[in-house]
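Only the coordinates and a few stated rules stand behind these numbers; no lab work does. Source: prediction; values computed, not measured. In this analysis, Cβ positions are derived from the backbone assuming ideal geometry, glycine residues included, and neighbour counts consider all displayed protein chains.
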Amino acid sequence: MYGNTQISDKDIMMNVLGSYKLAIEMFSHAAVESANESIRREYINLLNSTLEDQRTVWNAINQRGWYPVKPAPPQDIQEARNKFRQPVGMM
């Protein structure tokens with residue numbers, strides 16, 4: 001460490017969460033770009049596993065109050081559902 005700089009548990013956990021988010025983006029992109037079905041399935045498996053691990057870390061962070069989330073209004077939830085239910089190209 002440099003000087004009196006200390007890394008808190010929150011800093012570490014938020015860094016881990018950020019790393020999971022980056023890995024999720026990378027595995028998602030790799031799955032979409034894979035021409036080989038076997039490799040594609042492997043990336044999807046890695047993506048799903050990483051999503052589960054990310055959720056575990058997020059839950060731990062949220063329980064400590066480090067990542068509070070306000071509930072979305074029901075109207076916003078319904079609008080998001082409607083938006084993503086539309087066929088691709090119709091958005």
Requested in this report: Would you kindly state how much longer the chain becomes between Met26 and Asp9 on full extension, computed as 0.36 nm times their sequence separation minus their alpha carbon distance, in nm to one decimal?
Outcome: 3.5 nm
Query raised in the report: To the nearest 0.05, what FRET efficiency results for Gln75 and Asn48 with a Förster distance of 30 Å applied to their C-beta separation?
Result: 0.45
Query raised in the report: ³J(HN,Hα) across segment 36-52 via Karplus (A = 6.51, B = -1.76, C = 1.60, θ = phi - 60°), whole Hz, x for Gly/Pro?
Result: 8, 4, 5, 5, 4, 4, 5, 5, 5, 4, 5, 4, 4, 5, 5, 4, 5
**Report entry** Residue-count net charge about Gln63 - beta-carbon cut-off 15 Å; Lys, Arg +1, Asp, Glu -1
**Finding:** +2
Report summary line: For the chain, longest principal axis from Cα atoms; helix 9-33 axis from its Cα atoms; angle between them, nearest 10 degrees, is 20
Requested in this report: Using only the Cα atoms of the chain, each taken as one equal point scatterer with no solvent, compute I(q) by the Debye sum, divide by I(0), and report log10 of the ratio at q = 0.10, 0.21, 0.24 Å⁻¹.
Outcome: -0.44, -1.08, -1.10
Requested in this report: Calculate the radius of gyration of the Cα atoms of segment 1-52 to one decimal place, then report Dmax, the largest Cα-Cα distance, as a whole number, both in Å.
Outcome: 15.8, 51
Report task. Report the label-to-label distance for Ser38 and Lys83 in nanometres (one decimal), using points 7 Å from each Cα along the Cα→Cβ vector. Result -> 4.0
Query raised in the report: Per the helix-only calculation at 222 nm, which mean residue ellipticity applies to the chain, given -39500 (n - 2.57) for every DSSP H run of n ≥ 4 and division by its residues, nearest 500 deg cm²/dmol?
Result: -24500 deg cm²/dmol
Query raised in the report: Are there GluC sites (Glu not before Pro) in segment 6-43 that DSSP marks as loop and that have at most 12 other Cβ atoms within 10 Å, and which are they?
Result: none
